[in-house]
Amino acid sequence: MKIIIVGCGKVGASLADQLNQEGHEIVVIDNKSSAVNRITDDLDVMGIVGNGASHIVLEEAGISEANLLITVTNSDEFNLLCCLIAKKTSDCHTIARVRNPEYNEEITFIREEMGLSLTINPELETANEISRLIRIPSAIKIDTFAKGKVELLKFEIPQGSLLDNMPIMHMNSKLKTKILVCSVERENEVFIPSGNFVLKSKDKISFVASPRNTTALFHKLDLSSDYIKNVMLIGGGTIAVYLASILSKMNVKVKIIEQDRARCEELSEALPSALIINANASDHNVLIEESLEDMDAFASLTNLDEENIILSLYAHNKSKAKVFTKITRLNYDDIIKEMPLGIIINPQSITANQIIQHVRAMENPKGSNVETLYKIVGNKVEALEFRVKKNSSMIGIPLEKLETKENLLVACINRKGKIIIPSGQDSIQLGDTVIIVTTHTGLNDLNDILA
């Protein structure tokens, strides 16, 4: 597909990279030549310096032949204007990043009235992800499928756990629960495990289960299930606003430390249930005075990655809080992977995953569309939810008789709201949604899982 991306910041660069890897023809537009050059120097994509809302610039980019326009500049209004002009000029699909909380209540109206294919709010999605992880303190990552009926969770097996030295095939019988282990990270290796795979302490395992079975599993493993009651947020940006609003509905006490006084006044009006502190969090005395040691969770959400890293390291050292660290530079991965930074939050990755999911569905309008997509081990493993349509060649065939690709697992079947953790005797039926976990990235149709 031909895809035009307006905005060459961190989100635009990440999108250009991932969509280019998936084989699409990419054109990037930005009014700063340095921003365009950073992308075109690294990737085999076309770059145009200019105003993405200009009809002339869009024509130069090939809007009349484009399949999709994605606008991810820092201005919501500019993003929407670009999409409006593109829709008047061509028949292409349009995606806009819209982040302002003031627009959130009317985003459905905006999307429908402007004919947008999708709106993306990285800050809101980031806040939702953090809030899900606060709900289950032992989890490292939680993704949802089947409209919340299925969860894909990741956690690290602690020393002395019942799971240490246990073959996966024995888990459900010994723990008397119904889950399916999808992937195991051990040091620098990633496995899509068979039933004979033996788990070890310090393994990071991802598994699929219903929320009820997730709770039962953590209870039987004696993992911490205490509710998080006190959270400290560093930085009063948009993520903090969304997150504080969500947490207040969960009866969680929120304290936000923000050094800009005018912003503190805005936060006080917008978040009456949160405690707003006007102070510089990089002064460690401030964190101690504001009871860091008593916090159940700590999230460093400033716009500076380096500051977030330092603050999270300090919080890890001085408290038992569950730590979240916002990192926007993807090239920091190798540097920070051994640091005790808790859970790394990357809004750019969340945005890119949503858009790639939409692009894959666009590529396959008549087949078994990708309805949900998550990258669960960096870019090494994908979990995809497909809708089973009439053209599927595997309907009614027992899974044990299907010749699927290696390193691929049929993790779950959702049949009219009934969640099935499948065995070899189960089969896929018309209308099901099916969750596939695999190291084969780029699948866009359920039939692609066959060898």
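The values are calculated or read from the model by the stated rules, or taken from the named source; none is laboratory data. Quick caveat, the model's predicted, so the values are computed rather than measured. Here the Cβ positions follow ideal geometry from the backbone for every residue, glycine too, while neighbour counts run over all protein chains shown. Just the protein is used for accessible areas: all its heavy atoms, side chains included, with ligands, DNA and RNA removed. Shrake-Rupley method; radii C 1.70, N 1.55, O 1.52, S 1.80 Å.
Remarks
- Residue selected from region 226-246 under the condition in contact with a strand residue (DSSP E or B) (Cβ under 7 Å, 6 or more places away or on another chain) and surrounded by fewer than 23 Cβ atoms within 10 Å (Cβ to Cβ), by the criterion farthest from K418 (Cα to Cα): N230
- One residue alone among L292, L287, L313 is within 21 Å of T126 (Cα to Cα) and of a type outside the set (D, E), and that residue is L313.
- Selection from region 111-135 of residues that are of a type in the set (A, V, I, L, M) and open to solvent by less than 20 Å² (accessible area, probe 1.4 Å): L116, I120, A127, I130, L133, I134
- Residue tally, condition in contact (Cβ under 8 Å) with a residue 12 or more places away in the chain and within 27 Å of N379 (Cα to Cα), over region 170-195: 13
- Flag for D426 being among the charged types (D, E, K, R), over 24 Å from V190 (Cβ atoms) and surrounded by 14 or more Cβ atoms within 10 Å (Cβ to Cβ): yes
- Scope region 40-65; condition under 22 Å from H358 (Cα atoms) and either polar (S, T, N, Q) or out of contact with any helix residue (DSSP H, G or I) (no Cβ under 8 Å at 6 or more places or on another chain) (or both); matching residues: A61, G62, S64, E65
- Scope region 158-209; condition within 22 Å of the chain's Cα centre (by Cα), under 17 Å from A411 (Cβ atoms) and open to solvent by 50 Å² or more (accessible area, probe 1.4 Å); matching residues: F191, K204
- Residue in region 310-332 that is modelled with pLDDT under 90, farther than 20 Å from N128 by Cβ, charged (D, E, K, R) and under 22 Å from the mean Cα position of the chain (by Cα) present: yes
- Among the candidates N353, N285, N303, N317, residue that is touching a Leu at 6+ places or on another chain (Cβ under 7 Å) and either assigned to a helix (DSSP H, G or I) or in contact (Cβ under 8 Å) with a residue 24 or more places away in the chain (or both): N353
- Strands (runs of 3 or more DSSP E) fully within region 374-451 counting 1 or more residues that are hydroxyl-bearing (S, T, Y) and at pLDDT 90 or above: 433-438
- Hey, E151 farther than 23 Å from N20 by Cβ, acidic (D, E), in contact (Cβ under 8 Å) with a residue 24 or more places away in the chain and open to solvent by 30 Å² or more (accessible area, probe 1.4 Å) or not: no
- Pairs, first more than 19 Å from A53 (Cα to Cα) in region 1-27, second of a type outside the set (F, W, Y) and open to solvent by 40 Å² or more (accessible area, probe 1.4 Å), C-beta under 6 Å, six or more apart: M1/N67; H24/M1
- If the condition is being crowded, with 17+ Cβ neighbours inside 10 Å and not in a strand (DSSP E or B), then region 264-278 contributes C264, L267, L271, A274.
- Scanning region 81-110 for residues that are surrounded by fewer than 18 Cβ atoms within 10 Å (Cβ to Cβ), over 24 Å from the mean Cα position of the chain (by Cα) and of a type in the set (V, I, T) gives a single hit, T89.
- Test: residue in region 196-213 that is at pLDDT 90 or above, farther than 13 Å from I376 by Cα and aromatic (F, W, Y): yes
- Looking only at region 210-225, and only at residues there that are touching a helix residue (DSSP H, G or I) at 6+ places or on another chain (Cβ under 8 Å) and open to solvent by 70 Å² or more (accessible area, probe 1.4 Å), the one that is farthest from K337 (Cα to Cα): K220
- Qualifying residue in region 253-262 (condition: among the acidic types (D, E), modelled with pLDDT of 90 or more and farther than 30 Å from D164 by Cα): yes
- The residues listed here are K375, K389, K337, K405; of these, the one that is closer than 30 Å to K320 by Cα and touching a helix residue (DSSP H, G or I) at 6+ places or on another chain (Cβ under 9 Å) is K375.
- The listed residue being outside any loop (DSSP other than H, G, I, E, B) and under 30 Å from M166 (Cβ atoms), out of A240, A216: A216
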